[in-house]
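Colleague: To start, I am sharing the structure in question, which I have written as structure tokens.
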Amino acid sequence: MTYGLDNLEEVARYILNNSTHKTFLFFGEMGVGKTTLIKALVKHLGSEDNVSSPTYALVNEYLTDDKPIYHFDFYRINSIEEVYDIGFEDYLAQDAHIIIEWLELIKPLWLEKFVKVKLSLVDVDKRKVEMSEVF
């Protein structure tokens, strides 16, 4: 699916309507718009919180009436131990939506069930999203 900033809500709705899992792994080059699409996704999940990249904090929590959303960004992670130190496994055990950017930088940590969302640049105004579920 190709999209622009004017139809982010439609893309977020498509991702959620075509997913059976609540864990989303986002892949794509720096600057392709992962956080921008995640903002639309979080809004569509019912949060009114301000969404920003948790690059330095590693995780941001967004509240909804239903369940929390945890947004992880592992771009600046130095070791797998840092992930365990923040209680990552405890986050995964909760009934929550989990959104993760840059998981590929810590390959020893992998998940069994998730939705892979891959973004790529088409041109300056357009992005391509590819989605697949992994069981």
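The values are calculated or read from the model by the stated rules, or taken from the named source; none is laboratory data. All values reported here derive from a predicted model rather than from experimental measurement. Cβ placement follows ideal geometry from the backbone for every residue including glycine, while neighbour counts extend to all protein chains displayed.
Colleague: Just to be sure I understand the filter: pairs with C-beta atoms under 8 Å, separated by 6 or more residues or on different chains, first member in the stretch 44-68 and free of Cβ contacts under 8 Å to residues at least 60 places away in the same chain and at positive phi, second member outside any loop (DSSP other than H, G, I, E, B) and surrounded by fewer than 16 Cβ atoms within 10 Å (Cβ to Cβ). Which pairs pass?
Modeller: Close Cβ pairs (under 8 Å, with a partner that is outside any loop (DSSP other than H, G, I, E, B) and surrounded by fewer than 16 Cβ atoms within 10 Å (Cβ to Cβ)) amount to Leu58/Glu82.
Colleague: Another question about this same structure. Which of the following residues is under 16 Å from the mean Cα position of the chain (by Cα) and closer than 13 Å to Lys22 by Cβ: Ala96, Ala57?
Modeller: Being under 16 Å from the mean Cα position of the chain (by Cα) and closer than 13 Å to Lys22 by Cβ holds for just one of Ala96, Ala57, which is Ala96.
Colleague: Suppose we keep only residues that are surrounded by 12 or more Cβ atoms within 10 Å (Cβ to Cβ) and without any contact (Cβ under 8 Å) to a residue 60 or more places away in the chain within the stretch 103-120. Which one would you say is nearest to Lys22 (Cα to Cα)?
Modeller: Per the criteria, the residue is Leu109.
Colleague: Filter the stretch 28-51 down to the residues that are farther than 19 Å from Pro68 by Cβ and hydrophobic (A, V, I, L, M, F, W, C), then identify the one that is surrounded by the fewest Cβ atoms within 10 Å (Cβ to Cβ).
Modeller: Going through the qualifying residues, I end up with Met30.
Colleague: Return only the number of the condition from (1) surrounded by fewer than 19 Cβ atoms within 10 Å (Cβ to Cβ); (2) modelled with pLDDT under 95; (3) hydrophobic (A, V, I, L, M, F, W, C) that Met131 does not satisfy.
Modeller: Single failed check for Met131: (2).
Colleague: Which of (1) in a loop (DSSP other than H, G, I, E, B); (2) in contact with a helix residue (DSSP H, G or I) (Cβ under 8 Å, 6 or more places away or on another chain); (3) within 18 Å of Glu133 (Cβ to Cβ) is the odd one out, the single condition His21 does not satisfy?
Modeller: (2)
Colleague: Quick one: is Asp125 touching a helix residue (DSSP H, G or I) at 6+ places or on another chain (Cβ under 9 Å), farther than 16 Å from Leu16 by Cα and exposed (fewer than 14 other Cβ atoms within 10 Å of the Cβ)?
Modeller: yes
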